Amino acid sequence: MESNKQKILDRITTACEACGRSSTDVRLVWVSKARPVSAVENAIAAGARDFGENRVQEALEKFLPQREGIVCRIIGPVQKNKLRKAVQVAQAIDTVADLESVQKLEALCEEANKNLEILFQVNASEEATKSGLSMAEAFDFLNKLPEPKRLVYKGLMTIGKNTGNPEDSRICFAFLRNLRDELFNSSPKFSNFTELSMGMTDDLEVAISEGATMVRVGTALFASQLTNHP
Ligand SMILES: *Cc1c(COP(=O)(O)O)cnc(C)c1O
């Protein structure tokens, strides 16, 4: 796992240098979905701090009780009836895309007396299989959001195009960056709106050159580890 990690960190550093960014501006999210808790423990031993899970149930199994300094992010769509459990286990939900979820999360966080980071997912590749706000509706939807209380509106998340050519995703990533900048400048509601979660194993270089602040990597980090769901 150490050597997997080093390869990814080297790729992040090289990509940052190529566009004049500091590698400390890009956080690595270890996508531990479908890996057992032993893989999470190995990752923590190798220095991992930020994890991504796409199913709430799996997150509960691996990330409760909470470990000091370890962040669990939900990176898959969450059904309304799973939001309560998501709030119990996660420090961030990166896939919010409707008003009802925002309202429910506010209420749940109030009840739990906790703050929660929110990223809004945008379907910037406009692929029907992906969830998220459409590019056409995203600005208006976000602009009309209520003032956050327990929630912290932190930024945007997207999944690039799955064409085999990472350059095909550049336009999606650039769209996301522009949208974040517009919102950041539009209202005090968005004063914490700095994050762009974009880029995975295959397209992290392009995402970093377009401003990613978090890249989500699974396969390339956990390749040598067991899977829960072969
Ligand atoms: C699985 C997943 C990843 C990680 O993808 P890899 O190709 O394994 O690096 C990133 N983001 C999301 C939303 C995922 O579901």
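Any read-out appearing in this document is the output of simple, stated calculations on the displayed coordinates, not a laboratory observation. Computed from a predicted model, the values in this text were never measured in an experiment. Neighbour counts run over all protein chains shown; Cβ positions are idealised from the backbone, glycine included.
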**Request:** Would you pull out the residues with amide H under 5 Å of Thr95's amide H, same chain only if 5 or more places away, H placed 1.01 Å from N?
**Result:** Leu119
**Item:** Karplus 3J(HN,Hα) series, Hz, for the stretch 75-86 with 6.51 cos²θ - 1.76 cosθ + 1.60 (x for Gly, Pro)
**Value:** 10, x, x, 10, 5, 4, 6, 9, 5, 4, 5, 4
**In range of the label at Lys189: residues from the stretch 92-108 whose backbone nitrogen is under 19 Å from the point 7 Å along Cα→Cβ** = 93-108
**Request:** Tell me what the chain gives for mean residue ellipticity at 222 nm when only DSSP H runs of n ≥ 4 count, each as -39,500 (n - 2.57), the sum divided by the residue total, rounded to 500 deg cm²/dmol.
**Result:** -11500 deg cm²/dmol
**Request:** Using label points projected 7 Å from each Cα along Cα→Cβ, tell me how many nm separate Thr219 and Cys19, to one decimal.
**Result:** 2.2
**Message:** Placing +1 on the Cβ of each Lys and Arg and -1 on the Cβ of each Asp and Glu in the stretch 2-222, which of Cys19, Val152, Ser186 has its Cα farthest towards the positive end of the resulting dipole?
**Reply:** Val152
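Let me have the relative contact order for the chain, percent, based on Cα pairs under 8 Å that are six or more residues apart.
Here the relative contact order equals 22 percent.
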**Asked** How many angstrom lie between the C-alpha centres of the stretch 169-230 and the stretch 74-147?
**Response** 16
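Calculate, for Lys144 and Glu41, the FRET efficiency according to 1/(1 + (r/R0)^6) with r their C-beta to C-beta distance and R0 45 Å; round to the nearest 0.05.
0.55
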**Request:** Taking every pair of Cα atoms in the chain, average 1/r, invert it to obtain the Kirkwood radius, and report Rg/Rh to two decimals.
**Result:** 0.94
**Request:** May I ask which residue of Val31, Gln57, Ile93 lies farthest towards the positive end of the charge dipole of the stretch 26-109, with charges of +1 (Lys, Arg) and -1 (Asp, Glu) on Cβ and the Cα centre as origin?
**Result:** Gln57
**Asked** With charges set only on the Cβ (+1 for Lys and Arg, -1 for Asp and Glu), what does the dipole of the chain come to about its Cα centre, in debye to the nearest 20?
**Response** 600
**Message:** Just to check I understand the Karplus step: with θ = phi - 60° and J = 6.51 cos²θ - 1.76 cosθ + 1.60, what whole-Hz values come out for the stretch 124-140, glycine and proline as x?
**Reply:** 7, 9, 6, 9, 4, 6, 9, 8, x, 5, 6, 4, 5, 9, 4, 4, 4
